[in-house]
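Here the structure is laid out as structure tokens; the discussion comes afterwards.
The values are calculated or read from the model by the stated rules, or taken from the named source; none is laboratory data. What you see is a predicted model; the values in this text were computed from it and never measured. Note that we place each Cβ from the backbone using ideal geometry, even for glycine, and neighbour counts take in every protein chain shown. For the accessible areas, the whole protein counts, side chains as well, though only heavy atoms, and no ligand, DNA or RNA atoms are used. Shrake-Rupley method; radii C 1.70, N 1.55, O 1.52, S 1.80 Å.
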Amino acid sequence: KAGVTQTPRYLIKTRGQQVTLSCSPISGHRSVSWYQQTPGQGLQFLFEYFSETQRNKGNFPGRFSGRQFSNSRSEMNVSTLELGDSALYLCASSPRTSGTTYEQYFGPGTRLTVT
Amino acid sequence: GNSVTQMEGPVTLSEEAFLTINCTYTATGYPSLFWYVQYPGEGLQLLLKATKADDKGSNKGFEATYRKETTSFHLEKGSVQVSDSAVYFCALRRANNAGNMLTFGGGTRLMVKP
């Protein structure tokens with residue numbers, strides 16, 4: 001079974017631009033979560049989607065948004081990029097959105113650099 | 001709110017040494033606890049988990065026990081290898097029906113020398 005895939009793997013953008021990152025979960029998984037990883041703030045939860053609905057949202061400004069499609073693929077968008085948005089963005093998928101049985105599987109991440 | 005605190009690194013050990021990485025948490029109710037590992041240039045891999053008090057998670061020689069009384073989930077391995085060099089993250093997930101959101105500790109870099 002293929003793992004979680006994220007595209008692109010690397011991205012360089014300029015301040016003020018916007019960016020869209022994509023995540024394809026493991027087949028059959030309906031929950032997709034996004035995390036931001038930086039050296040200063042560590043791993044921080046952005047949001048979770050389940051069956052095309054946002055389930056949880058972390059403490060990030062409105063410039064960060066996401067969506068999930070009917071095939072469970074998810075995208076996240078960051079508008080008006082700032083230098084501090086430079087980070088590794090990780091996506092994780094899980095079969096369900098709750099229950100102790102289910103584990104989350106992470107993708108390799110998208111490395112975003114804002115110049 | 002929920003939080004996870006783990007010992008700062010880097011932790012440098014010789015091959016075959018004993019490893020302990022401390023992790024304590026703050027949470028309401030009975031969260032699930034996890035250890036994830038991140039190798040250079042890769043995403044996170046689940047190493048082990050425990051879902052209730054006194055549970056012991058184990059995998060690849062690593063172990064951690066869910067201690068409700070001390071709110072801890074320390075990671076241990078009896079004999080580390082060079083291939084264990086990575087960054088280790090302790091994390092918690094709130095109790096059932098609260099979604100999949102994970103709260104992570106700051107990570108501990110482990111370096112194992114031959």
message: Can you compute the charge dipole magnitude of the stretch A:1-103 about its Cα centre, using +1 on each Lys and Arg Cβ and -1 on each Asp and Glu Cβ, nothing else charged? Give it in debye, rounded to the nearest 20.
response: 140 debye
- prompt: How big is the charge dipole of chain B about its Cα centre, in debye rounded to the nearest 20, if each Lys and Arg gets +1 on its Cβ and each Asp and Glu gets -1 on its Cβ?
  reply: 320 debye
- prompt: Considering only B:Phe34, B:His74, B:Val112, whose Cα is most displaced toward the positive end of the charge dipole of the stretch B:9-114, charges sitting on Cβ of Lys, Arg (+1) and Asp, Glu (-1)?
  reply: B:Phe34
- request: Report, in debye and to the nearest 20, how large the dipole of the protein assembly as shown comes out about its Cα centre when Lys and Arg carry +1 and Asp and Glu carry -1 on their Cβ.
  value: 580 debye
task: With a Förster radius of 22 Å, plug the Cβ-Cβ distance of B:Asn22 and A:Glu103 into 1/(1 + (r/R0)^6) and report the FRET value to the nearest 0.05.
output: 0.40
message: I want to verify a result. In a Gaussian network model of chain A, Cα cutoff 10 Å, which of these has the top mean-square fluctuation: A:Ser70, A:Ser31, A:Ser94?
response: A:Ser70
message: Over chain B, what is the relative contact order in percent, taking alpha-carbon pairs closer than 8 angstrom and at least six residues apart?
response: 37 percent
Residues losing 20 Å² or more accessible surface upon assembly, the stretch B:79-114, compared with the chain by itself, 1.4 Å: B:Phe89, B:Arg93, B:Asn96, B:Asn97, B:Gly99, B:Asn100, B:Met101, B:Leu102, B:Phe104
statement: In a Gaussian network model of chain A with springs linking alpha carbons closer than 10 Å, the residue among A:Leu21, A:Leu81, A:Leu90 that fluctuates most is A:Leu81
task: Taking a probe of 1.4 Å and counting only protein heavy atoms, give the total accessible area buried between chains A and B in Å², rounded to the nearest 100.
output: 1800 Å²
query: Ignoring ligands, DNA and RNA, what accessible area per residue does chain A give at 1.4 Å, in Å²?
result: 47 Å²
message: Just to check I understand the Karplus step: with θ = phi - 60° and J = 6.51 cos²θ - 1.76 cosθ + 1.60, what whole-Hz values come out for the stretch B:53-61, glycine and proline as x?
response: 4, 6, 5, 10, x, 8, 5, 6, x
message: Keeping every protein chain present and rolling a 1.4 Å probe, give me the accessible area per residue for the stretch B:1-111 in Å².
response: 45 Å²
message: For Cα pairs less than 8 Å apart in space and 6+ apart in sequence, what is the mean separation divided by the residue count of the stretch A:13-115, i.e. the relative contact order in percent?
response: 34 percent
- prompt: Alpha carbon centre of the stretch A:42-100 versus the stretch B:1-74: separation in Å?
  reply: 24 Å
